[in-house]
Each structure stands twice: as structure tokens, then as C-alpha cells.
Amino acid sequence: MDTDARRPEPALRPANGTPVGGRKPPRVRIIPGGPILVEGPVEVVLDDGATVTSDRFLVALCACRRSRAFPFCDTSHRRRVRTTPPDGETPA
Ligand code: FES
């Protein structure tokens with residue numbers, strides 16, 4: 001028996017596999033080190049209760065909190081601190 005309380009219950013489905021209510025469940029894809037991709041349009045509720053919407057067919061939600069367009073990803077997650085000197089330079 002699964003006792004992990006953090007794991008959500010699976011969606012209720014009739015025996016034939018058709019989702020309840022006839023709607024296809026929205027697909028969410030988590031990109032490691034990147035955004036969370038959600039089939040749009042979406043309405044996002046922020047920490048302060050404000051809502052923002054996107055009408056795009058695929059919405060990238062920021063998971064790193066570095067985006068200047070938070071809650072939407074602006075690709076800031078790609079910027080990394082250089083750990084090795086550029087070619088031709090010696091380490092300090
Ligand atoms: S996940 Fe892309 S900017 Fe945060």
C-alpha cells in the first residue's frame with residue numbers, strides 16, 4: 001500500500017479510460033533546470049492573490065524564480081556563473 005501523502009491521488013476515470021467530464025486533462029511537463037510547460041491558456045494565481053493569464057497554447061512557467069517576467073519563463077534559467085576562465089585568461 002502506498003502511504004506517501006505527498007503523491008496526489010490519480011484522477012478518477014471510468015473503466016473505459018475516458019476522463020470524467022469528457023475533457024482531456026491539461027498536460028504539464030517539468031523541464032529539469034528549466035520551466036514547467038503547461039498547455040494553455042492558463043490563469044496563474046500569484047502569492048499575493050493576483051492573477052495573470054496567458055492565451056498561448058503552451059505556457060512556460062518559471063520554476064527558478066530568476067525570470068523578470070515571473071511567473072512566466074524568460075529563459076533566465078539558462079544564464080550560469082562561469083566557473084572556468086575564458087580561453088586565453090589565467091585563473092586569479
Ligand atoms: S525557469 Fe526559465 S527563467 Fe526561471
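The values are calculated or read from the model by the stated rules, or taken from the named source; none is laboratory data. A quick note: this is a predicted structure, and the numbers were derived from the prediction, not measured. Reconstructed Cβ throughout: ideal geometry from the backbone, glycine too, with neighbour counts over all protein chains shown.
Looking only at region 4-21, decide whether some residue is at pLDDT 70 or above, assigned to a loop (DSSP other than H, G, I, E, B) and either polar (S, T, N, Q) or away from the ligand (no atom under 14 Å from the Cβ) (or both). Give the steps one after another, and end with the answer.
Taking region 4-21 as the starting set, the residues that turn out to be at pLDDT 70 or above are 21.
In the following step, the residues that additionally are assigned to a loop (DSSP other than H, G, I, E, B) were identified as none.
Checked against the condition, which is being at pLDDT 70 or above, assigned to a loop (DSSP other than H, G, I, E, B) and either polar (S, T, N, Q) or away from the ligand (no atom under 14 Å from the Cβ) (or both), region 4-21 yields no hits at all.
Which members of region 48-64 meet the condition of being loosely packed, with under 12 Cβ neighbours inside 10 Å and either in a strand (DSSP E or B) or at pLDDT below 95 (or both)? Show your work before the answer.
Going residue by residue through region 48-64, those that are loosely packed, with under 12 Cβ neighbours inside 10 Å are 48-51, 53, 55, 57.
Once the filter is applied, which keeps residues that are loosely packed, with under 12 Cβ neighbours inside 10 Å and either in a strand (DSSP E or B) or at pLDDT below 95 (or both), region 48-64 yields Thr51, Thr53.
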With respect to Val45, is the statement that it is modelled with pLDDT of 95 or more and in contact with a Pro (Cβ under 9 Å, 6 or more places away or on another chain) true? no
